[in-house]
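The values are calculated or read from the model by the stated rules, or taken from the named source; none is laboratory data. Treat the numbers as computed from the prediction; the structure is a model and nothing was measured. Heads up, the Cβs are rebuilt from the backbone with ideal geometry, glycines too, and the neighbour counts pull from every protein chain shown. These area figures cover heavy atoms from the full protein model, side chains too; ligands, DNA and RNA do not enter into them. Shrake-Rupley method; radii C 1.70, N 1.55, O 1.52, S 1.80 Å.
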Amino acid sequence: MSAPDVAAPAPNPTLRAEAEALLAASISGIAGGAVGLVIGLTGAATALWGEWSFAAWTALAAATAAGVSSALGYWRSRTTDGQEWRREITSIRYVISTASVVIAHVALTAIATLALFALLSRAFIGLELNTFWTTVLMAVITGMAGWLSYLSSSRMTTQRLTSLLVAFIAIGTLSAMITTSDPEWWHLHFSQLGTFGDLSSFLFNGTLIAGGLLVTTFTLYVAHDLGVLGESARGTRIVSVALAIMGVMLALVGVFPVDVNMWMHNLSASGMALMYLLLLVGGRWILTRLPRAYFLASWAFLGALLVSIVLFAIGYFGLTAFEIIVFALIFGWLAVFIRFLGVSDPEQD
């Protein structure tokens, strides 16, 4: 079968999507402005920064706008060219995929909003907002959150989902590092971030759980793209199952922090690493439609992993550095895999 018969083009910007995104922005902005007006009139939160300050209320409102807009955008995009295959996904898997996309947009929006106000609070020290500014700022930020989230979710592809996954994991983890109550957490291990029972632990464990859900969603897109590429049913199934297991294991690492159940925590982390090794080492025999350059890159990632193991074994760096390196290698390889998957020719020999 020729490429045009099977290939599903990536969703392109459409008039409908742009119009709906503007509608989402307008509704979000109006609702946010109303909240900002109430906050200003009551004087409930006029300080830029602090506990339940204007920053906290704006982050909550923007996250809500992002959640609603991304859910609607992701659901509506099933009718766009190249995305019809998503209508055949089982209900439970579609609910999980939608939830993971929404959670990622909500979290990224909340973190970005808080980061913005953290900077503003240092630029305008001691500033107290009046009703005009609480209304305008809330309207603009929630409107932008609704607009960008709708556009992002309505044009979801494997490549976009990969970018969303990597950004979500990176920003969530860095946020946990910055907000941790123990500045010496890194003396022990990476998982120590999830053991304090505070905001940083919530961010760390929540990021792992939501990231795991995103990886399981990711398998739907990968399986579809491999089918379009002409990959064998066996290879597609092995890759999809391995990635799904990686997603479940990543989520379980967050569900079972090391201080709650060390055995399950370590088992989950080991399971994720084993699936990663399977795809790295066995990729040449599992996948037949990807170019030689991809497999050379995979061997390079494997070599980097082995070097890291040796350096850790001889004490060149500690457990925390080793875990961060392995984490970076896993998601770095994932990004490379998707880039090659997106540009490979289904007609290649």
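For the range 257-288, name all the residues that are open to solvent by 50 Å² or more (accessible area, probe 1.4 Å) and of a type outside the set (A, V, I, L, M). Explain how you work it out, then say what you get.
Here is the first cut: in the range 257-288, the residues open to solvent by 50 Å² or more (accessible area, probe 1.4 Å) are 259-263, 266-267, 270, 274, 277-278, 281, 284-285, 288.
Listed by number, the residues that qualify are Asp259, Asn261, Trp263, Asn266, Ser270, Arg284, Trp285, Thr288.
Out of the residues in the range 36-88 that are crowded, with 17+ Cβ neighbours inside 10 Å and aromatic (Phe, Trp, Tyr), state the one that is farthest from His105 (Cα to Cα).
Trp49
Test Ser240 against the stated conditions and say whether it is within 25 Å of Ser97 (Cα to Cα) and surrounded by fewer than 16 Cβ atoms within 10 Å (Cβ to Cβ). Please lay out each step first, then the result.
Details: within 25 Å of Ser97 (Cα to Cα): yes; surrounded by fewer than 16 Cβ atoms within 10 Å (Cβ to Cβ): no.
Answer is no for this residue.
Working only within the range 151-170, note down all residues that are open to solvent by 30 Å² or more (accessible area, probe 1.4 Å) and closer than 20 Å to Ala269 by Cα.
Once the filter is applied, which keeps residues that are open to solvent by 30 Å² or more (accessible area, probe 1.4 Å) and closer than 20 Å to Ala269 by Cα, the range 151-170 yields Val166, Ala170.
Just to be sure before I move on: is Met177 within 30 Å of Glu51 (Cβ to Cβ), part of a helix (DSSP H, G or I) and either in contact with a helix residue (DSSP H, G or I) (Cβ under 9 Å, 6 or more places away or on another chain) or in contact (Cβ under 8 Å) with a residue 24 or more places away in the chain (or both) in the structure I sent?
On the way: within 30 Å of Glu51 (Cβ to Cβ): yes; part of a helix (DSSP H, G or I): yes; either in contact with a helix residue (DSSP H, G or I) (Cβ under 9 Å, 6 or more places away or on another chain) or in contact (Cβ under 8 Å) with a residue 24 or more places away in the chain (or both): yes.
Yes: the conditions hold for Met177.
So Ala107 passes all but one of these: (1) under 19 Å from Leu164 (Cβ atoms); (2) at pLDDT below 95; (3) open to solvent by less than 10 Å² (accessible area, probe 1.4 Å). Which condition number does it fail?
(3)
Out of the residues in the range 292-316 that are hydroxyl-bearing (Ser, Thr, Tyr) and without any contact (Cβ under 8 Å) to a residue 24 or more places away in the chain, state the one that is surrounded by the fewest Cβ atoms within 10 Å (Cβ to Cβ). Steps first, answer last, please.
Applying the first criterion (hydroxyl-bearing (Ser, Thr, Tyr)) to the range 292-316 yields 294, 298, 308, 316.
If we keep only those that are without any contact (Cβ under 8 Å) to a residue 24 or more places away in the chain too, we end up with 308, 316.
Values: Ser308: 19, Tyr316: 11.
By that ranking, first place goes to Tyr316.
Any idea which residue in the range 216-236 is nearest to the chain's Cα centre (by Cα), counting only those that are closer than 17 Å to Leu334 by Cα and open to solvent by 10 Å² or more (accessible area, probe 1.4 Å)?
So, considering only residues that are closer than 17 Å to Leu334 by Cα and open to solvent by 10 Å² or more (accessible area, probe 1.4 Å), the one nearest to the chain's Cα centre (by Cα) is Thr216.
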